[in-house]
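What follows is a set of notes on a single structure, which appears directly below.
The values are calculated or read from the model by the stated rules, or taken from the named source; none is laboratory data. Just so you know, these numbers come straight off a predicted model, no measurement behind them. Neighbour counts are summed over all protein chains in view; Cβ atoms, including those assigned to glycine, are modelled from backbone coordinates with ideal geometry. What goes into the accessible areas is simple: the full protein's heavy atoms, side chains included, and nothing from ligands, DNA or RNA. Shrake-Rupley method; radii C 1.70, N 1.55, O 1.52, S 1.80 Å.
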Amino acid sequence: MEIPWEIEIIDRPDLAGWSFERRKEPPGWYVAGPCPACGHPVDRTWPDDVYRSDQLRGPEQSTARPSDPVEIPVRCACKVTHTDGAVGCGRSWQVDLTP
Amino acid sequence: MTPHIVGGAAPSPADLDAADRLETMSETELARIQALAARWRDGLAGLIALLAAAVIIKGTDSVADLPTWARWSIGAGILASLAASITGGVFAMLAAYGWSSGPQRVGSLTDLDERLRKWDREVCDTAAARLRTAVVLTVISLGLAAVVIGLTFFAPVRAKGEATPECLRFGLASAGSDNVTADGQHCLCVTPR
């Protein structure tokens, strides 16, 4: 039975079964694994850079390097319908990735 | 340290919104660059129309009294400005709509996802570079147009009567006659306007 949809932010979830990979194009991180609440597959991309449309170069660019640890907030966006009109099961959490 | 992934502290709603926004920006960057290029293309088209209208409305009257060097400079400036505008417009259209690549071999499923993402990023990089070129050409075109307009206003006007008079000769003049050329012929001279 599917869990009911509910907004919840999970603190330090168990991310067993999660994996990550370094992508070259566009450069960035890709993390994927089962939602710690509903168990359905979820993924998130975290690009190193992104084009802005209003200004081609921003003055506040990050100085972080790709080898630095990165924290990636993730929302459950599984394809299973937990309630009408909503994406995922409503849970969110954070992935701490140390390359 | 061994690469690893663990569940972190609960993110704030603002962090979650920022991550959602970043992902949306990454997924829509090509569409956003292309939309930007389409707006620049419209601006360039307007600039070309403005230049053409100025040339048609002002006609040649405004330059008729200018010295030859100024007229040639204005003509060259208009041509260069139009060339920059048209080239910039082509670059903006290429940025907005791209160019047919011809069929590309798909190959196997191995790394297909990565190759497709690489293609998308290359298209985005190319579109952004073309847009930058279009913007530079627009600025050049505007600068040339400003120089041309400045010349029509501030170039020195050619002095009246600078033209050589044309003379009709009526044979040898008698002593004491008016209108006599240096070689002693009676004449009537007019200066063309």
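Just a few scattered comments:
- Residue check for B:Asp178: within 14 Å of chain A (Cβ to nearest Cβ) and open to solvent by 90 Å² or more (accessible area, probe 1.4 Å): no
- Hits in the stretch A:13-22 - residues which are facing chain B (nearest Cβ under 7 Å) and within 13 Å of A:Leu97 (Cα to Cα): A:Leu15, A:Trp18, A:Phe20
- The C-beta contact set for the stretch B:4-19 (first residue facing chain A (nearest Cβ under 7 Å), second residue open to solvent by less than 60 Å² (accessible area, probe 1.4 Å) and acidic (Asp, Glu), distance under 9 angstrom, 6+ apart or interchain) comprises B:His4/A:Asp96; B:Ile5/A:Asp96; B:Val6/A:Asp96; B:Gly7/A:Asp96; B:Gly8/A:Asp96; B:Ala9/A:Asp96.
- Unmet requirement for B:Asp120, which otherwise passes all of (1) within 18 Å of A:Lys24 (Cβ to Cβ); (2) open to solvent by less than 70 Å² (accessible area, probe 1.4 Å); (3) in contact (Cβ under 8 Å) with a residue 12 or more places away in the chain: (2)
- Residue that is farthest from the other protein chains (Cβ to nearest Cβ), among those in the stretch A:82-98 that are open to solvent by less than 40 Å² (accessible area, probe 1.4 Å) and assigned to a loop (DSSP other than H, G, I, E, B): A:His82
- Count - residues of the stretch A:1-32 that are hydrophobic (A, V, I, L, M, F, W, C), within 15 Å of B:Asp113 (Cβ to Cβ) and part of a loop (DSSP other than H, G, I, E, B): 0
- Of the candidates A:Val50, A:Val42, the single residue that is closer than 26 Å to B:Thr28 by Cα and more than 9 Å from every other protein chain (Cβ to nearest Cβ) is A:Val42.
- Pair list, Cβ < 8 Å and 6+ apart or interchain, from the stretch B:33-60 residues that are in a helix (DSSP H, G or I) to residues that are surrounded by 12 or more Cβ atoms within 10 Å (Cβ to Cβ) and modelled with pLDDT under 85: B:Ile33/A:Tyr51; B:Ile33/A:Ser53; B:Ala35/A:Ser53; B:Leu36/A:Ser53; B:Ala54/B:Ile149; B:Lys58/B:Thr152
- Comparison of B:Val157, B:Val147 shows that the only residue that is open to solvent by 80 Å² or more (accessible area, probe 1.4 Å), assigned to a loop (DSSP other than H, G, I, E, B), under 22 Å from B:Ala54 (Cβ atoms) and more than 14 Å from every other protein chain (Cβ to nearest Cβ) is B:Val157.
- Sole residue being among the polar types (S, T, N, Q) and either over 30 Å from A:Val50 (Cβ atoms) or within 14 Å of chain A (Cβ to nearest Cβ) (or both), chosen from B:Thr24, B:Thr87: B:Thr24
- The number of residues in the stretch B:31-75 that are under 30 Å from A:Trp93 (Cβ atoms) and either acidic (Asp, Glu) or surrounded by 13 or more Cβ atoms within 10 Å (Cβ to Cβ) (or both) comes to 1.
- The single residue among A:Ser53, A:Ser62 that is at pLDDT below 90 and open to solvent by less than 60 Å² (accessible area, probe 1.4 Å) turns out to be A:Ser53.
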